[in-house]
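Worksheet for the structure shown next.
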């Protein structure tokens, strides 16, 4: 295989790539230009069973697996029963002993990672959040920080922490619904873990919820942009401080939808945000009173009456 590049010694372009040694050699002066090169292509030599990939390795390492995917498990049941009788019994004994000699941490991680994948799949979270949640759980488990607390509540708290770290909006109510753990318990465990780890996570911003809520409610980009402008004004007026980000975000979307003739009921918006209609009404009143939106809504209503 020829590479079009010059030899630094003689300036020749008569070069050869040696696949066996992983070297680039100048054919004129014999200089080894590069050596120990890694071939990232697929392995084409050797015997492979039909349908088997000619890849060089197994699955990539993953924090979502209790052993990061490195443990070699003694034969699967379907493979074991292909052996002769004596060999089958031998491998079954070995398989049983492999499970017995695993440590308590390994057994805990095996169950915890399965629970983490289940909850994360229910919440439709990306892999980067799953890996971060797995890393946090590994950290607190190895140091015995959460001893005495239920595995499910710790997993839910780790997922919530990972979502906050990557600014992916998921409310405590959503995580509680996915994990069947009480909202208060998840919140307590989350605060305990963050305090023990010495990590300070920034409060959720109402802006983070706009795109997801708008997508579920099928609102236009124009409505989303206006909702963001309303939130910006609300921040300047200090309407967002001390209030739940999901509630103020839902109220801003509700107001924006009214202004853009994309009406949604308070019940619809409340269900999407996981809050009550009372919260929507309270935040709605605060926004229209403090930001001077009430006049715009009255003009809108008057125009609609004229059309009718």
Residue span residue 35 to residue 289: 0.36 nm per residue of separation minus Cα-Cα distance leaves a gain in nm of 84.2 nm
Using a 7 Å offset from the Cα along the Cα-to-Cβ direction at both residue 177 and residue 142, what is the distance between the two label points in nm, to one decimal? 3.6
Cβ-based exposure ranking for 25, 248, 193, 13, in which fewest neighbours within 10 Å come first: 13, 25, 193, 248
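For a Förster distance of 35 Å, can you work out the FRET efficiency between the beta-carbons of residue 89 and residue 110, rounded to the nearest 0.05?
Details: r = 25 Å, r/R0 = 0.72.
Between residue 89 and residue 110 the formula returns 0.90.
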Rounded, prolate or oblate (a/c below 1.5 giving rounded, otherwise prolate when a/b exceeds b/c) for region 163-242 by Cα gyration tensor: oblate
Taking a label point 7 Å from the Cα of residue 278 along the Cα→Cβ vector, which residues of region 181-198 have an amide N closer than 19 Å to it? 183-184
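Mean separation of Cα pairs under 8 Å and 6+ residues apart, divided by the residue count of region 207-307: what relative contact order is that in percent?
Values: 98 pairs, mean separation 28.5, N = 101.
Relative contact order of region 207-307: 28 percent.
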Between region 209-232 and region 138-175, what's the alpha-carbon centroid distance in Å? 28
Rounded to a whole number, the Stokes-Einstein D of region 207-307 in µm²/s (Kirkwood radius over Cα pairs; 37 °C; 0.692 mPa s) is 245
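Under the 0.36 nm per residue contour assumption, what length would be gained going from the current alpha-carbon distance of residue 271 and residue 211 to full extension? Walk me through the numbers on the way to the answer.
Numbers: separation 60, 0.36 × 60 = 21.60 nm, distance 1.57 nm.
So the chain would gain 20.0 nm between residue 271 and residue 211.
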How would you classify region 121-258 from its alpha-carbon gyration tensor, with a ≥ b ≥ c the square roots of the eigenvalues: rounded for a/c under 1.5, else prolate if a/b is greater than b/c, otherwise oblate? prolate
Could you run the Debye sum over the Cα atoms of region 104-197, one equal point scatterer each and no solvent, and tell me log10 of I(q)/I(0) at q = 0.11, 0.14 Å⁻¹, two decimals? -0.25, -0.41
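All of the numbers you see were taken from the coordinates with simple rules; none came from a lab. Source: prediction; values computed, not measured. Cβ atoms come from the backbone with ideal geometry, glycine included; neighbour counts cover every protein chain shown.
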